[in-house]
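See below for the structure under consideration.
Just so it is clear, none of the values below were taken in a lab; they were calculated from the coordinates. Treat the numbers as computed from the prediction; the structure is a model and nothing was measured. Here the Cβ positions follow ideal geometry from the backbone for every residue, glycine too, while neighbour counts run over all protein chains shown.
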Amino acid sequence: MAGVELDIIGTMRTCFPEKFGIPRQSGLVPLARGILRFSEAQPAAIWRDAMRGLDGFSHLWVTFVFHEAVEEGWKGLVRPPRLGGKEKMGVWATRSPHRPNFLGLSLLEIEAIDVDEPAIRLRGVDVLDGTPVVDLRPYHPGCDVPRSAARAGWIETAPEPAAEVTWSEAALRAIPESAQRTPAGMPVYSAAEVAELVQSLVALDPRPAHERGRRGDWAMRLLGFDVKIHIDGARATIVALD
């Protein structure tokens, strides 16, 4: 076959309007929510039929398109952030978005199934707001975990970036107002959930790999506000929510 055409089954709305700050993998931040809304190219009844039986599962494998990487093209060799952005690996030994067909795969927790809309609400997302989704399949603990010994390759020895997080008084005061600034269509958060979400994301040290170890200021767009961060070594201070 010269090529395969994929239909977009729906679009994921998430709390991440920009790439900076998105968790490196799914499940690292359980409060990172997403809502999969299905395409209007098919009648809603078709999607309702397709979801029948999903309510018995806890997690879904979500296949999606790294749509913002397409114009950049794919690469045979990439620089994984876990290796400091310096050492190269073959793209198939990584989770890089710069793949031949730009397909991503995330294991996400089902939070709720909305048959009426229809939509699926998910937790632990690691995808950009507006990401096109092309397939779903249930996680099966009896089949999706290898029965033979498993190895993690170079990832076993790669350091996991982390930061010790503190808050400024100004940032803490801004939490309630920030929680009310969620754009239409995105997942909704309470003030307490916003605080936990921001804390969890900053603790992952969102700096680009080549900038880790450098003292400086960064800003991460989240929901409808900016999280301004000052990082010095392994210490991160949430300076403001604007």
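Picking from Val91, Ile229, Trp154, whose Cα lies most toward the positive end of the charge dipole for the chain (charges on Cβ: Lys, Arg +1; Asp, Glu -1)?
So the residue furthest toward the plus end is Trp154.
On a straight-distance basis, which lysines could pair with Lys19 in a cross-link, Cα separation under 18 angstrom, same-chain partners fewer than 8 positions away excluded?
Within the straight-line limit of under 18 Å, Lys19 reaches these lysines: Lys228.
Under 8 Å for C-alpha pairs, at least 6 residues apart: give me the relative contact order for the chain, rounded to a whole percent.
Worked out over the chain, it gives 27 percent.
If you restrict to DSSP beta bridges whose two residues both lie in the chain, what percentage is antiparallel, to the nearest 5?
On the way: 45 of 49 bridges.
Once the DSSP bridges in the chain are tallied, antiparallel ones form about 90 percent.
Under a Cβ-only charge scheme (Lys and Arg +1, Asp and Glu -1), can you give me the dipole magnitude of the chain about the Cα centre, in debye to the nearest 20?
In total the dipole reaches around 820 debye.
Of the residues Ala93, Ala209, Ala41, which exhibits the maximal mean-square fluctuation in a Gaussian network model of the chain defined by a 10 Å Cα contact cut-off?
Per the Cα network of the chain with a 10 Å cutoff, Ala41 tops the list.
For a test of the definition: using alpha carbon positions, the gyration tensor, and the 1.5 limit on a/c, classify the stretch 91-156 as rounded, prolate or oblate.
Oblate is the answer for the stretch 91-156, as a/c is 1.5 or above yet b/c matches or exceeds a/b.
Which of Gly85, Gly53, Gly216 ends up with the largest GNM mean-square fluctuation for the chain, with Cα atoms connected below 10 Å?
Highest fluctuation among the options: Gly53.
Counting Lys and Arg as +1 and Asp and Glu as -1, what is the net charge of the other residues whose Cβ lies under 10 Å from the Cβ of Arg214?
Here the charged neighbours net out to +1.
By a straight-distance test (C-alpha under 20 Å), which lysines pair with Lys86 as possible cross-link partners, with residues fewer than eight away in the same chain excluded?
Output for Lys86: Lys75.
Have a look at the DSSP beta bridges in the stretch 160-241 and tell me what percent are antiparallel, nearest 5.
Restricted to the stretch 160-241, the bridges split so that about 75 percent are antiparallel.
Give me the net charge for the shell around Thr166: Cβ to Cβ below 13 angstrom, other residues only, Lys and Arg +1, Asp and Glu -1. Don't jump to the answer; show the numbers that get you there.
On the way: positive: Arg235; negative: Glu164, Glu169, Asp232.
It works out to a net charge of -2.
Alpha carbon centre of the stretch 120-143 versus the stretch 1-72: separation in Å?
That distance is 5 Å.
Would you please give the FRET efficiency between Glu160 and Ile8, computed as 1/(1 + (r/R0)^6) with r the Cβ-Cβ distance and R0 = 35 Å, to the nearest 0.05? Please list the in-between numbers first.
Working: r = 33 Å, r/R0 = 0.95.
Efficiency computed from Cβ-Cβ geometry: 0.55.
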